[in-house]
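Reading through the structure tokens given below for one structure.
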Amino acid sequence: MTLGTILATIAALSALGYLFFCAKEASALRSFLKTISVALLGLAAWMAGAPMLLVLALLLCALGDFFLSREGEGAFMAGVGAFAAGHLVYVVLFLGLEESVLARLFGLPNALFALLILVVGAAMMRILAPKAGELKFAVLAYIPIILSMGLAALSIEATGALLWILPAALAFMVSDIVLAFETFVLAEDHWLRRWTPYAVWPLYWGAQGGFFLAFS
């Protein structure tokens with residue numbers, strides 16, 4: 001077993017461990033588990049000779065995980081910024097592949113998926129804009145970045161390990177959507193809040209794991 005494989009295994013175990021903390025209050029252990037579960041994927045990807053853009057995207061998302069695991073609006077905004085940067089790096093990574101052809105977005109069935117992504121994005125903007133308060137502009141700027149990652153993933157010919165990219169991108173998008181509704185739409189005492197963390201985390205970390213598998 002290589003060191004990279006060991007690090008990826010520790011990352012997966014850390015992600016599993018965080019599942020028991022994702023609905024709890026902020027703590028040092030909670031932040032550590034959340035951050036290390038993605039940061040170690042970045043380190044494992046680097047050791048496996050994966051594209052540096054993948055390594056950078058994973059580390060930016062790990063940084064976002066750290067900030068979002070803390071309390072306060074400042075930490076939240078820093079987390080959103082780090083994730084926005086991570087999404088954009090993924091877009092550049094995907095579009096830079098030889099297997100990426102933008103014309104695929106205009107042929108069936110990809111055109112239908114692209115239209116669905118755009119419709120969901122428009123619905124999110126309409127729903128979240130009145131709810132986000134002072135964070136409205138940050139939220140509205142973040143949504144197109146999420147959509148661009150999904151559309152970039154659709155442009156890739158799904159061959160070999162690249163098969164992981166589209167489902168991973170879709171899982172990432174769904175995790176962001178659920179988190180946004182948890183943060184801005186659901187009332188503090190809404191019963192769904194008991195379950196949303198357990199939906200967001202597996203979708204999100206599974207997406208990062210899928211990107212890791214696609215390129216490492």
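Derivation of every value follows stated rules applied to the coordinates shown; laboratory data play no part. All figures in this text were calculated on a predicted structure; none of them were measured in a lab. Please note: Cβ atoms are built from the backbone with ideal geometry, for glycine as well, and neighbour counts cover all protein chains shown.
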Check: Pick from Ala123, Ala169, Ala114: which residue has the top mean-square fluctuation in a GNM of the chain where Cα pairs under 10 Å get a spring?
Finding: Ala123
Margin query: Are there DSSP H segments in the chain that both extend 18 Å or more along their axis (alpha-carbon positions) and score a mean Kyte-Doolittle hydropathy of at least 1.0? List them, or say none.
Written below: 3-18, 28-47, 52-68, 73-95, 110-128, 136-154, 165-184
Item checked: Cross-link reach list, lysines versus Lys24, counting only Cα pairs under 16 Å and skipping chain neighbours closer than eight places -> Lys34
Check: Based on the Cα coordinates of the chain, what is the per residue volume of their convex hull in Å³?
Finding: 113
Item checked: 13 Å beta-carbon shell around Ser155, net charge (K/R +1, D/E -1) -> -2
Check: By its C-alpha gyration tensor, with a ≥ b ≥ c as the square roots of the eigenvalues, how is the range 67-126 shaped: rounded for a/c under 1.5, else prolate for a/b larger than b/c, else oblate?
Finding: oblate
Notebook entry, point to check: Just how far, in whole angstrom, is the range 24-65 from the range 150-216 if you go by their alpha carbon centroids?
Noted result: 15
Checklist line | Contour excess over end-to-end distance, with Cα ends at Thr159 and Ala129 and 0.36 nm allotted per residue | finding: 7.0 nm
Item checked: Over the chain: helical MRE at 222 nm, DSSP H runs n ≥ 4 each giving -39500 (n - 2.57), nearest 500 -> -24500 deg cm²/dmol
Check: In what sequence do Asp65, Asp189 fall when counting other Cβ within 10 Å, fewest first?
Finding: Asp189, Asp65
Note to self: Suppose each label sits 7 Å from its Cα in the direction of the beta carbon; what would the Ile6-Glu25 distance come out to in nanometres?
What the structure shows: 3.7
Note to self: Between Val101 and Val119, what is 0.36 nm times their sequence separation minus the Cα-Cα distance? Round to one decimal in nm.
What the structure shows: 4.3 nm
Margin query: Could you give the length gained by full extension between Glu188 and Arg70, i.e. 0.36 nm per residue of separation minus their alpha carbon distance, to one decimal place?
Written below: 40.7 nm
